[in-house]
Structure formats: structure tokens, C-alpha cells
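Have a look at this one.
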Amino acid sequence: MTTTEEAPVLYGAAWSVYVRIARLALEEKHITYDLVEVDVFTETGVPPEHLNRHPFGRIPAFEHGNFHLYETGAIVRYIDDAFPGCKLQPIEPKARAKVNQIVGIMDAYAYRTLVWDIYVERVVSAREGRLANEQKIAAAIPRAAVCLSELTRLSDDRGFLIGDSVTLADLYAAPIFACFMQADESTLLMNGHKKLTDWWQRFAARGSMCRTGA
Ligand SMILES: N[C@@H](CCC(=O)N[C@@H](CS)C(=O)NCC(=O)O)C(=O)O
């Protein structure tokens, strides 16, 4: 039997956007957990023991006693439902649907565009001493603009993206913004998005963000 007192274990790497989303959920609910480092980019590929936890070879994977999960969306909702503490999903159906809509946008569109196409090409490539793929960045700009204008349109102005307390929408958006805002392209793209800029400045200073910074 699994009790909430058993410390959950997260398998993954501290640099990972998705691992950080799951860590933020644990941190916001003040749950003690262990982070076990897994490198999925070794020369020999994903470690075999990790493929047992996550057959698709991604991170994070999650363990709570004898209960095993992968897919960040399932992990954070389990964390929210199974543990006491603040609720990360609104009860009111329309607010809950909007939180899930933002989570879906972050997952399906923003992660690839803002992290891989802009942040990795502009910031990580420079750090690694390789040339940025300017074509990839240029193609990502209009998609990034849609991500940001949709976030602005869908979010309200009560301190968090949706409502007056932290939700999964913030937890999905923040690790993606932490990467994207390091790229020069963010300055121009965030122009005219004051509500988002203010949200990011407030959210980036939260204890959970400081404790999970790579
Ligand atoms: N759908 C997965 C996505 C997780 C994901 O893509 N994680 C990245 C790290 S942020 C990863 O494992 N990348 C390894 C790879 O692409 O091979 C989830 O929601 O957990």
C-alpha cells in the first residue's frame, strides 16, 4: 500500500523543462521528494533501467511507493489529487478548462517553439560554440507570437495566469518562459504583452522557482 507519507521519487534531469514542471508541483504543495538523476542522452542511448520506467525514453518518470507513472500531465494531476496542500486545479469548470487549455498549448505548441526552436538555437548553441540555425529561429517567430498572444488572451489579471492562486497553467508556462526569456528574441516578442511580463517577473521570484533553478 502507498501512503502519502512515502516520499515520491522523480527520475530525470534538473535541466529538463518537464522535470521542472513536476518538481514545481511537488514544491508548491510542500511535498518532500527525491530527484534521481537520469541521463537520456548518453552515447549508448537511454539507460535500460529507465526504459522500464518510461518505454518512450523520456523524462520525467515518477514513483510513489509501488505506484509508477510517466507523462508529466498525469504526474502533476496525481500529485495534486493524492497529496494534501494547495489545489493546483480550479474546481469551477470554466477556470479548470482554461487551465487545461493553457497546459495543452504549452505542451503542443509552446515547448517546441519557445524552447527548442528559439532558446536552444539562440542560447544553447552559443553556449556550445555552434552556429544557430537562423532559418529555424525565423520560422519559429510567428508561431511564438501566436503562443504569446493566446496566453495573453486566455489569462486573466489576478496575480496568476488563471485566477488568484497558482495552477498547473503557471507550472507549465514558467519553465518554458525560464528558457525563452534568455533568448534575445524574447525582448521584441514580449513587446505589448505587459500582463505576461508582469506575471513572469512575479512568478520567476517564487520560492518554488528558485529551488528548482537548474
Ligand atoms: N510527453 C512527455 C514529454 C517529456 C519530454 O519530452 N521530456 C524531454 C526533456 S524536457 C525528454 O525526455 N527529452 C528526451 C528526448 O527527446 O529524447 C511528458 O509530458 O512528460
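Is there a quick way to get the dipole size of the chain? I mean about its Cα centre, with the Cβ of Lys and Arg at +1 and of Asp and Glu at -1; what is the value in debye to the nearest 20?
Details: 23 positive and 27 negative charges, 128 e Å.
It works out to roughly 620 debye.
Mind listing which chymotrypsin sites (Phe, Trp or Tyr not before Pro) in the stretch 53-150 are in a DSSP loop and have 12 or fewer other Cβ atoms within 10 Å? Let's see the in-between values first.
Numbers: sites: Phe56, Phe62, Phe67, Tyr70, Tyr78, Tyr109, Tyr111, Trp116, Tyr119; in loops: Phe56.
When the chymotrypsin sites (Phe, Trp or Tyr not before Pro) of the stretch 53-150 are filtered for loop state and at most 12 Cβ neighbours within 10 Å, Phe56 remain.
Let me ask something else. List every residue whose amide H lies under 5 Å from the amide H of Val36, counting only residues 5 or more places away in sequence or on a different chain, with H placed 1.01 Å from N in the peptide plane.
Long-range HN contacts for Val36: Leu10, Tyr11, Gly12.
For the stretch 9-82, what is the charge dipole size about the Cα centre, in debye to the nearest 20, if Lys and Arg each add +1 at the Cβ and Asp and Glu each add -1 at the Cβ? Before the final figure, lay out the partial values.
Details: 6 positive and 11 negative charges, 32 e Å.
So the dipole magnitude of the stretch 9-82 works out to roughly 160 debye.
For Asp34 and Ile91, FRET efficiency with R0 = 35 Å and r from the beta-carbon atoms, rounded to 0.05?
The formula returns an efficiency of 0.70 here.
Would you work out which of Ala140, Leu161, Leu196 lies farthest towards the positive end of the dipole of the stretch 93-212, given +1 charges on the beta-carbon of Lys and Arg and -1 on that of Asp and Glu, about the Cα centre?
Final value for the positive-end residue is Leu161.
Calculate how many DSSP beta bridges within the stretch 1-119 are antiparallel, expressed in % of all such bridges and rounded to the nearest 5. Display every interim value, and only then the final one.
Details: 7 of 11 bridges.
In the stretch 1-119, approximately 65 percent of DSSP beta bridges are antiparallel ones.
Under unit Cβ charges (Lys, Arg +1; Asp, Glu -1), what dipole magnitude, rounded to 20 debye, does the stretch 93-212 have relative to its Cα centre?
Its charge dipole is roughly 260 debye.
Enumerate the helices in the chain for which the Kyte-Doolittle hydropathy averages -1.0 or more and the C-alpha atoms extend at least 24 Å along the helix's axis, using complete DSSP H runs.
Within the chain the helices that satisfy the rule are 134-154.
Shifting gears a bit: Compute a Gaussian network model of the chain, connecting alpha carbons closer than 10 Å, and tell me which residue from Arg122, Arg158, Arg23 fluctuates the most.
Comparing Arg122, Arg158, Arg23 in the GNM, the peak value goes to Arg158.
Can you check what the Kirkwood hydrodynamic radius comes to for the chain, Cα pairs only, in Å to one decimal?
Values: mean 1/r = 0.0556 Å⁻¹.
Across the chain, the inverse of the average 1/r is 18.0 Å.
Counting only pairs 8 or more residues apart or on different chains, how many lysine pairs in the chain have their Cα atoms under 24 Å apart?
8
Here, each number is a calculation from the coordinates, and none is a lab measurement. The shown structure was predicted, so the numbers you read here are calculated from the model rather than taken from an experiment. Don't worry about glycine lacking a Cβ; one is built from the backbone with ideal geometry, like all the others, and counts go over all protein chains shown.
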